[in-house]
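Report on the structure given below.
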Amino acid sequence: MSAREEIADIVAAARRQLLYDREIGLEAPYLSSRNRAYLERGPHLNPLPSSGSVPYQSLSELEHFIGDCHRCKLCKGRKHVVFGEGDPRARLVFVGEAPGMDEDQTGRPFVGQAGRLLTDIIRAMGLTRDEVYICNIVKCHPPGNRDPEADEIETCLPFLRAQISLIQPEVICSLGRISAQSLVDKSLKITRDRGRWCSFMGIPLMPTYHPAYLLRYPQAKRQVWEDVQGIMKELGLANPREVQG
Ligand code: URA
């Protein structure tokens, strides 16, 4: 494939994403106005259908808009759509991978064993769960706890973008490989890249290990604590206490 064809492919994919986002009521907040204008009617491109207005102004309206979601195959086995919870004006947003069984049962993110460890980490930062926002890349529990698949991530990610643009946090912390790869780059290696600042929608993002990984490899807690201290420094939070155990 020539470089010209490759670029044409990338532009076509970006237009498809813009169209999809528009269909579900999003106005692609991750695009600069210049790039959006190009995708709308760049040279040699047919104009896209005009945009409607975004049908939500708040997280609760967005949750209502997502509703009893049937946009991907995860709807078949899940009990609850796990939207996310916390402060709608949080300075810090944690993004996990997908709800587990406990989360599917309760409809709340990170309430199982890994969730209790995340709660300890948040407390060690001098914060409470109510002061941050906690959500996932996909909002429905994958059967058998498997990794979410590419089409499921692609379908659900616009809702995370919408959450982030409503909350406007100062920092995002991605938990685990799937979250970091979905938000930053598929080539990201969590063992190599955790602890290095990245960005999502122009917001500083710190990739770190998933709490479920820490349950299996408690020796990695020290690295997560280093990453968390980096976040605290960025947010100007003082007096960290080390996570015990
Ligand atoms: N693991 C996740 O990634 N998210 C949850 O909500 C629970 C466990």
Can you compute the charge dipole magnitude of segment 164-245 about its Cα centre, using +1 on each Lys and Arg Cβ and -1 on each Asp and Glu Cβ, nothing else charged? Give it in debye, rounded to the nearest 20. 340 debye
Using amide H atoms built in the peptide plane, which far-off residues or other-chain residues are under 5 Å from residue 173 H to H? 93, 94, 95, 206
Taking a ≥ b ≥ c as the square roots of the Cα gyration tensor eigenvalues, with a/c under 1.5 meaning rounded and otherwise prolate when a/b beats b/c or oblate if not, segment 141-245 comes out oblate
Given Cβ charges of +1 for Lys and Arg and -1 for Asp and Glu, the option among 150, 124, 134 whose Cα lies farthest towards the positive end of the dipole of segment 107-155 is 124
For residue 63, what accessible area in Å² do you get when you roll a 1.4 Å probe over the heavy atoms of the protein chains, rounding to the nearest 10? 90 Å²
Under the rule rounded for a/c under 1.5, else prolate if a/b exceeds b/c, else oblate, using alpha carbon gyration tensor axes a ≥ b ≥ c, the chain is classed as prolate
By the C-alpha gyration tensor axes a ≥ b ≥ c (rounded if a/c is under 1.5, else prolate when a/b exceeds b/c, else oblate), the shape of segment 54-125 is oblate
Heavy-atom accessible area of the chain with neighbours in place, 1.4 angstrom probe: carbon+sulfur share in percent works out to 50 percent
Number of Lys pairs (Cα under 25 Å; 8 or more positions apart or on different chains) in the chain: 10
Whole-Hz ³J(HN,Hα) for each residue in segment 213-218, computed from phi via Karplus 6.51 cos²θ - 1.76 cosθ + 1.60 with θ = phi - 60°, x for glycine and proline: what do you get? 5, 5, 5, 8, 10, x
When ligands, DNA and RNA are left out and all protein chains stay put, how many square angstrom of accessible area per residue does segment 68-143 have with a 1.4 Å probe? 43 Å²
Debye, to nearest 20: dipole size of segment 1-132, +1 on Lys, Arg Cβ, -1 on Asp, Glu Cβ: 240 debye
Within segment 176-245, DSSP-loop trypsin sites (Lys or Arg not before Pro) with at most 10 other C-beta atoms within 10 Å are 186, 241
Which of 70, 178, 10, positive extreme of dipole for the chain (C-beta unit charges): 178
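Using a simple charge model, +1 on the beta-carbon of Lys and Arg, -1 on the beta-carbon of Asp and Glu, nothing else, what dipole does the chain show about its Cα centre, in debye to the nearest 20?
Roughly 400 debye for the chain.
The values are calculated or read from the model by the stated rules, or taken from the named source; none is laboratory data. Remember, predicted model here, so these are calculated numbers, not experimental data. Neighbour counts run over all protein chains shown; Cβ positions are idealised from the backbone, glycine included. To get the accessible areas, we keep the full protein, side chains included, count just its heavy atoms, and leave off ligands, DNA and RNA. Shrake-Rupley method; radii C 1.70, N 1.55, O 1.52, S 1.80 Å.
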